[in-house]
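Asks: Pasting a structure here, questions to come.
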Amino acid sequence: MVGIADIERARSAIAGTIRPTPVEPSPSLSDIAGVPVTLKLEHHQITGSFKLRGAANAVSRLSDEQRASGVVGASTGNHGRGLAYAARKAGVRCIVCMSRLVPQNKVDGIKAQGAEVRIIGSSQDDAQVEVDRLVAEEGMVMLPPFDHPDVIAGQGTLGLEIIEQVPQAETVLVQLSGGGLISGVAAALKARKPGIRVIGVTMERGAAMYECLKAGKPVMVEELPTLADSLGGGIGLDNRYTFRMVHDLVDDVVLVSEIEIAEAIRHGYWQERQIVEGSGSVTMAALLAGKAKLSGPTVALVSGGNIDMTLHHRIISGENVDVAREAA
């Protein structure tokens, strides 16, 4: 598994590419939860999400030959943007493969960073087929969004920041999708404070890692439209790192509904004065719904803010947005 030494090396490697992000106490969520709640505002990261950390670390570890070959990855949006930014800064060619379920604003954000985008099929698995072809036929280097030791170590730098900024934390809520983020964060947190609890939060619609944990092994899970679009996609049947790390390091997993995600986006805007995407808001959703079992001071990670602003306006104005119906 990825360990604290890997994460500390990653912190040094990406120091010139990412920015440390702030924390803010949330009086409103503290009142609701009954314990002190602090928000870790990672949506203030340069590319609008935590994904830059893992991508930057992975790019930093490429050999000269690999840099010349270029990098490719599948993404639901935020990994692609982080990979595109890190690759451009390093002068490396980058192709990002995505499914048609990815919102247009995230596609545009990746293109704006100078990467080539290819829309393939209706799932992350479909996009991965094109990634595999580019690796096999053109010799490009695949940098996946989560199941890669350098990516996990980069995401783990968030855990170092959290425990340094909020050393009294006893529980940390972290987004759960493919597991790269929570694996790295949990590894860092538990190395520094072994008794701390880490709770994964994900959406009810297409919760891949949750279903895999229930099955006791990686399984196929249908990818469905959701407000938490960045949490979509499977973990891969040949998962090498994150399934085991999540199984061993994460204390609990909480599911939130589409209605609860929308309410958290509204809360983030009206109460916290933050613009947060659906995936970034699921930790707040768990707190608002009273679904997380808390013990003492709690940190809720706000992981991304790359939401389509028209969708955001509809949600904060009180509209009950049904993305599944609109995608049909």
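Read-outs: derived from the displayed coordinates by stated rules, not from any lab. Since we're looking at a predicted model, the values are computed, not measured. Positions of Cβ are backbone-derived with ideal geometry, glycine not excepted, and every protein chain shown enters the neighbour counts.
Asks: Counting other Cβ atoms within 10 Å of each Cβ, which trypsin sites (Lys or Arg not before Pro) in region 90-164 have at most 15 and sit in a DSSP loop?
Replies: 100
Asks: Once the piece of chain linking residue 90 and residue 193 is laid out straight, how much longer is it, given 0.36 nm per residue of separation minus the C-alpha distance between them?
Replies: This chain segment gains 33.6 nm when fully extended.
Asks: If a paramagnetic tag sat 7 Å from the Cα of residue 271 along the Cα-Cβ line, which residues of region 171-186 would have the backbone N under 19 Å from that point?
Replies: Answer for region 171-186: 171-175.
Asks: Quick check on the chain: of the DSSP beta bridges with both residues there, what percent are antiparallel, nearest 5%?
Replies: 10
Asks: Roughly how many Å is it from the Cα centre of region 199-227 to that of region 250-328, as a whole number?
Replies: Between the Cα centre of region 199-227 and that of region 250-328, the gap is 17 Å.
Asks: Here's a follow-up. What distance in nm separates the simple spin-label points at residue 211 and residue 327, each placed 7 Å from Cα in the Cβ direction?
Replies: Label-label distance for residue 211 and residue 327, simple model: 1.2 nm.
Asks: What list of ³J(HN,Hα) values in whole Hz, one per residue of region 198-207 in order, does the Karplus curve 6.51 cos²θ - 1.76 cosθ + 1.60 (θ = phi - 60°) give from phi, with Gly and Pro shown as x?
Replies: Those phi angles translate into 10, 10, x, 10, 9, 8, 5, 7, x, 7 Hz.
Asks: What is the gain in length, in nm to one decimal, between residue 67 and residue 112 on full extension, counting 0.36 nm per residue of separation less the C-alpha to C-alpha distance?
Replies: 14.1 nm is the gain from fully extending residue 67 to residue 112.
Asks: Do any trypsin sites (Lys or Arg not before Pro) in region 165-243 lie in a DSSP loop with no more than 15 other beta carbon atoms within 10 Å, and if so, which?
Replies: 240
Asks: Would you mind computing, in nm to one decimal, how far apart the modelled labels at residue 12 and residue 319 are, each placed 7 Å from Cα along Cα→Cβ?
Replies: Roughly 5.1 nm, to one decimal.
Asks: Separate question: Once amide H atoms are built 1.01 Å from N in the peptide plane, which residues 5 or more positions from residue 39, or in another chain, come under 5 Å H to H?
Replies: Amide H neighbours of residue 39: 24, 26, 300.
Asks: At most 16 other C-beta atoms within 10 Å and a DSSP loop state: those are the exposed GluC sites (Glu not before Pro) I care about. Give me the longest piece of the chain that has none.
Replies: In the chain, the maximal stretch lacking such sites is 1-203.
Asks: What is the extension gain from residue 244 to residue 308, computed as 0.36 nm multiplied by their sequence separation minus the C-alpha to C-alpha distance, in nm to one decimal?
Replies: Computed gain between residue 244 and residue 308 is 19.7 nm.
Asks: Using θ = phi - 60° and the Karplus form 6.51 cos²θ - 1.76 cosθ + 1.60, what ³J(HN,Hα) does each residue of region 158-173 get, whole Hz, x for Gly and Pro?
Replies: 4, x, 4, 5, 4, 6, 7, 7, 10, x, 7, 4, 10, 9, 10, 9
Asks: Going down the table (40/217; 106/293; 51/106; 40/193; 51/190; 40/89), which pairs top 24 Å between alpha carbons?
Replies: Over 24 Å Cα-Cα: 40/217; 106/293; 40/89.
Asks: Using the charge dipole of the chain (Lys, Arg: +1 at Cβ; Asp, Glu: -1 at Cβ; taken about the Cα centre), state which of 109, 156, 253 has its Cα farthest towards the positive end.
Replies: About the Cα centre, the residue reaching furthest to the positive side is 156.
Asks: Quote the FRET efficiency, to the nearest 0.05, computed for residue 168 versus residue 132 with a Förster distance R0 of 56 Å and r equal to the Cβ-Cβ distance.
Replies: It comes to 0.80.
Asks: Hey, another quick one. Can you tell me, using C-alpha contacts under 8 Å and at least 6 residues apart, the relative contact order of region 121-276 as a whole percent?
Replies: Relative contact order here is 23 percent.
Asks: Could you work out how far apart the two model spin labels at residue 122 and residue 19 are, taking each label as a point 7 Å from the Cα in the direction of the beta carbon, and quote it in nm?
Replies: 4.0
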